[in-house]
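The values are calculated or read from the model by the stated rules, or taken from the named source; none is laboratory data. Model, not experiment: these values are computed from the prediction. Ideal geometry is used to build each Cβ from the backbone, glycine not excepted, and the neighbour counts take in all protein chains shown. Heads up: the accessible areas ignore ligands, DNA and RNA and are worked out on the full protein's heavy atoms, side chains in. Shrake-Rupley method; radii C 1.70, N 1.55, O 1.52, S 1.80 Å.
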Amino acid sequence: MKHLLSIEALTRDEIYDVLDLAETLKASRGHHEFLPLAGQCWALIFSKSSTRTRVSFEVGIRELGGSVMFLSATDIQLGRGEPIEDTARVMGRMLDGAVIRTFLQSDVETFAQYSRIPTVNALTDDEHPCQILADLQTIRERMGSLEGRSVCFVGDGACNVAASWIWAAAKLDLELRIAAPAGFQPSDTLLERARRTGHISVFEDPNEAARGVDVLYTDVWVSMGKESEAAERMASLAKYQINEKLVECAAPGALVMHCLPAYRGKEITAETFEAHAETLFDQAENRLHAQKAILQLIAHRA
Ligand code: CP
Ligand code: NVA
């Protein structure tokens, strides 16, 4: 692996390499002997808000022996219109790796190409690969294996997290059901490409979609950058909430997952959130372990 740009670009074996290493790193946290980022300096370049991703990368890079700088895109010349190609070539001369959160997927890909340093997609409008790798780690920890598992994504089925789930299902042969109303379903082109290998179906009825599944998963109704559509989104997605009635449709003992941040009373009720808080915060913690695995796998070695 040279970069982590999307789940779409990963093979099944590469996904399992991340998950296996993440498990090892979690078990050995606090006493790693191998410091693959020793002597390296990485940058986090963020154009959108973040709590989990920022903290987990900052901690993870330090735990692997590296140093890290956080750059808000508005504070560097990129925010004043310097091209991504030039930003990338400057940073590539000085840094050992970059973690980028932005809008356009093409910007992360262009950065990787021009900087020639290991580059991680920390969320774009198209994908959130680090999140889904941590989610897969969480499901495997809690359920023993990913084989034959079914996941129901409820809500904005056209968002970045749903898209990364679509690719995870395609690569790992999981069953993925997306419950979303018209206008919030994944595009036909994405489904057509991913369905070549995956069992992916789209439902308008959330109860039907949730029937017997192992995992119920949701994300915010208003993703970053979509704030101007908030009222319309709240109205259209109101029935696509994870609540106790929906949990009853899933398999007994089903996991309830959310990438966070969560808006109680919107995509998930406070009651269901608290009932599944252990899983939800394992998911958040696993961002650290999964991303340390990614960093170790893509870092250039001295
Ligand atoms: N789930 C996630 O990426 O959270 P942050 O936006 O807080 O980084
Ligand atoms: N779909 C959400 C994920 C937040 C972690 C967003 O892009 O805002």
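Show me the helices (runs of 4 or more DSSP H) found entirely inside segment 241-302 where at least 1 residues are within 16 Å of ligand 2 (Cβ to nearest atom) and surrounded by 13 or more Cβ atoms within 10 Å (Cβ to Cβ).
Details: elements: 244-249, 270-275, 277-298.
The qualifying helices (runs of 4 or more DSSP H) are 270-275, 277-298.
Please go through segment 13-28 and pick out each residue that is charged (D, E, K, R) and surrounded by fewer than 13 Cβ atoms within 10 Å (Cβ to Cβ).
Kept after step one, since they are charged (D, E, K, R), are these residues of segment 13-28: 13-14, 17, 20, 23, 26.
Result: 13, single match.
Quick check: is even one residue across segment 108-116 away from ligand 2 (no atom under 16 Å from the Cβ), in contact with a strand residue (DSSP E or B) (Cβ under 7 Å, 6 or more places away or on another chain) and closer than 12 Å to residue 6 by Cβ? Break it down stepwise before answering.
Filtering segment 108-116 for residues away from ligand 2 (no atom under 16 Å from the Cβ) gives 109-116.
Okay, now just the ones that are also in contact with a strand residue (DSSP E or B) (Cβ under 7 Å, 6 or more places away or on another chain), so 111-112, 115.
The next check asks that each one be closer than 12 Å to residue 6 by Cβ; those that pass are 112.
Yes, segment 108-116 contains at least one residue that is away from ligand 2 (no atom under 16 Å from the Cβ), in contact with a strand residue (DSSP E or B) (Cβ under 7 Å, 6 or more places away or on another chain) and closer than 12 Å to residue 6 by Cβ.
Return the residues of segment 31-59 that are of a type in the set (S, T, N, Q) and more than 16 Å from ligand 2 (Cβ to nearest atom); say none if nothing qualifies.
40
Given the criterion modelled with pLDDT under 95, out of contact with any Gly (no Cβ under 9 Å at 6 or more places or on another chain) and either among the basic types (Lys, Arg) or closer than 22 Å to residue 298 by Cβ (or both), identify the matching residue among 177, 142, 193. Step through it out loud before you land on a result.
Values: 177 fails: modelled with pLDDT under 95; 142 fails: modelled with pLDDT under 95.
Answer to the check: 193.
Evaluate segment 36-52: report whether one residue or more is away from ligand 1 (no atom under 16 Å from the Cβ), at pLDDT 95 or above and open to solvent by 40 Å² or more (accessible area, probe 1.4 Å).
yes
Residues 103, 111, 70: which one is in a helix (DSSP H, G or I), farther than 23 Å from residue 21 by Cα and not polar (S, T, N, Q)?
Matching residue, one of 103, 111, 70: 111.
Scan segment 102-122 residue by residue and report those that are within 16 Å of ligand 1 (Cβ to nearest atom) and open to solvent by 10 Å² or more (accessible area, probe 1.4 Å).
If the condition is that a residue be within 16 Å of ligand 1 (Cβ to nearest atom) and open to solvent by 10 Å² or more (accessible area, probe 1.4 Å), then 102, 103, 105 are the ones that fit.
How many of the residues making up segment 196-227 are in contact with a Ser or Thr (Cβ under 9 Å, 6 or more places away or on another chain) and open to solvent by 60 Å² or more (accessible area, probe 1.4 Å)?
Residues meeting the conditions: 2.
With more than 21 Å from residue 292 (Cα to Cα) and of a type in the set (A, V, I, L, M) as the only criterion, which of 120, 151, 161 stands out? Before the answer, list the steps.
Numbers: 120 fails: more than 21 Å from residue 292 (Cα to Cα); 161 fails: more than 21 Å from residue 292 (Cα to Cα).
Answer to the check: 151.
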